[in-house]
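Each value in this text was obtained by applying a stated rule to the coordinates, not by laboratory testing. Source: prediction; values computed, not measured. All Cβ positions, even for glycine, are placed from backbone atoms using ideal geometry, and neighbour counts span all protein chains on display.
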Amino acid sequence: MMLFLSHQSEPIRVLVTGAAGQIAYTLLYRIAKGDVFGKDQPIILILLDIPPMLPVLDGVVMELQDCALPLLREIIPTDKIEVGFKDIDAAILVGSMPRKEGMEKKDLLKANVAIFKTQGAALDKYAKKTVQVVVVGNPANTNCLIALKFAPSIPKENFSCLTRLDHNRACSQVAMHCGVSSDKVKNVIIWGNHYSTQYPDVHHAIVNTHGCELGAYKAVKNDAWLHGDFILTVQQRGAAVIKARKLSSAMSAANAVCDHIKDIWFGTKEGEFISMGVYAAGNSYGIPEDLIYSFPVQIKNKRWKVVDGMSTNDFSRAKMNATAAELMEERDAALDFLT
Ligand SMILES: NC(=O)c1ccc[n+]([C@@H]2O[C@H](COP(=O)([O-])OP(=O)(O)OC[C@H]3O[C@@H](n4cnc5c(N)ncnc54)[C@H](O)[C@@H]3O)[C@@H](O)[C@H]2O)c1
Ligand SMILES: O=C(O)CC[C@H](O)C(=O)O
């Protein structure tokens, strides 16, 4: 349905899957309001969900209309893949089952991986070849790898998965520990999986305290915490939120999706890097190549580059390898499920 006419630049087509779900509820508003693709970029929002959720999607459409957002040119609710993926510029793949308390990771993999095979094939067939694909649905790294494998005509560099939530969690934990605001912490790294073997690493992070830039270890002054509870807290934060809310994180996840895509669209700040799950081929850290692995990346002109040359000690190497091993296991299990 058409909303407004204007003389700004051409609208871009943005697909959000799982559009009737809880992450999308926050995310769609942020996108439509201009927080992600810019305040001058008109948007056509395509909302894909499964047939039983169409009545809920109607409600989401009504609410988006009622926000009266000038950048939002058209809203297309659909349960049809060929409509959802047609000529899209960005695909934000959220739609999948979230883990509930007591549910094993393997159950989630089995439930969700087939969705990403279908959607990879749909990207290949219907999307623009320049489409940027961001996978949020869990297990995000492996789902992203599967989507990439089933979309051979789209460059592998156009695929990424969300580890920005973990990155933001790490920044925030360090900031709270140092008594500074979270924007004073930069260059933390999440290595590997979005799941609990991920390695939040602050060996190269910088904290700005009272106008003075210090390495995180110097600023925190508590190596035992940085090697222990800090890592555990970030690794297990998703599970802690599920335990407390009885629902998977949504507000913080949507916020992280916005940060992630905004950095793809507009680039990372000079001298800073962020974490995202990307195809590991050609990495300089000895991580097996056929994985979507979270690295420190810098982005320019919508192209990410893994930041090379970060020194890694034995402590870090062991954790980087452990999370790679988990990802290889997940990949092999996913491929088994699909055959
Ligand atoms: N990577 C991250 O940092 C991160 C953080 C939080 C949550 N997540 C994951 O995001 C996913 C969504 O979470 P949520 O809380 O929004 O879940 P939700 O259950 O509230 O919403 C999921 C939506 O996806 C829809 N869906 C299911 N199959 C679909 C398909 N084939 N096509 C389109 N839509 C489909 C469902 O009908 C539902 O509306 C989960 O897998 C969750 O674990 C990832
Ligand atoms: O299922 C989980 O444990 C993680 C849920 C979500 O991805 C998060 O990080 O909040």
Query raised in the report: Ranked by Cβ crowding within 10 angstrom, fewest neighbours first, how are 28, 232, 71 ordered?
Result: 232, 71, 28
**Report entry** Magnitude of the charge dipole, the chain, Cβ model with Lys/Arg +1 and Asp/Glu -1, debye to 20
**Finding:** 180
Query raised in the report: Once both axes come from the Cα atoms, what is the angle between helix 314-338 and the longest principal axis of the chain, in degrees from 0 to 90, rounded to 10?
Result: 30
Report task. List, largest first, the extents of the alpha carbons of segment 164-334 along their principal axes, each in whole Å. Result -> 47, 39, 35
Query raised in the report: If you place +1 on the Cβ of every Lys and Arg, -1 on the Cβ of every Asp and Glu, and leave all else neutral, what size is the dipole of segment 164-334 about its Cα centre, to the nearest 20 Debye?
Result: 580
Query raised in the report: How many angstrom separate the Cα center of segment 248-280 from the Cα center of segment 115-177?
Result: 11
Query - Degrees separating the helix 140-149 axis from the principal Cα axis of the chain, which is the longest one - result: 60
Query raised in the report: Fewest to most neighbouring Cβ within 10 Å: what's the order for 161, 178, 171, 67?
Result: 67, 178, 171, 161
Report summary line: The farthest towards the positive end of the charge dipole of segment 198-259, of the residues 198, 212, 247, given +1 on Cβ of Lys and Arg and -1 on Cβ of Asp and Glu, is 247
Report task. Check each of the trypsin sites (Lys or Arg not before Pro) in segment 178-269 and keep only those in coil by DSSP with at most 14 other C-beta atoms within 10 angstrom; list them in order. Result -> 221, 246, 269
Requested in this report: Quick one: angle between helix 251-266 and the longest Cα principal axis of the chain, in degrees between 0 and 90, rounded to 10, please.
Outcome: 90
Query raised in the report: Given labels modelled 7 Å from the Cα in the Cβ direction, how far is it in nm from residue 272 to residue 314?
Result: 3.6
Query - Farthest positive-ward along the chain dipole, Cα basis, beta-carbon charges - from 120, 162, 130 - result: 162
Requested in this report: No other cysteine beta carbon under 4.7 Å away is the test; run it over the chain and list who passes.
Outcome: 67, 171, 178, 212, 258
Query raised in the report: Rounded to the nearest 5, what is the percent of antiparallel bridges among the DSSP beta bridges in the chain?
Result: 50
**Report entry** Those chymotrypsin sites (Phe, Trp or Tyr not before Pro) in segment 1-89 that DSSP places in a loop and that have at most 15 other beta carbons within 10 Å
**Finding:** 4
Query raised in the report: Given +1 on the Cβ of Lys and Arg, -1 on the Cβ of Asp and Glu, and no further charges, what dipole in debye does segment 12-161 carry about its Cα centre, rounded to the nearest 20?
Result: 520
Requested in this report: Run through all the Cα pairs of the chain and give the fraction in each 10 Å bin from 0, expressed as whole percent.
Outcome: 6, 26, 35, 23, 9, 1
Query raised in the report: So for the chain, taking the charge dipole from beta-carbon charges (+1 Lys/Arg, -1 Asp/Glu), which of 176, 238, 53 sits furthest toward the positive end?
Result: 176
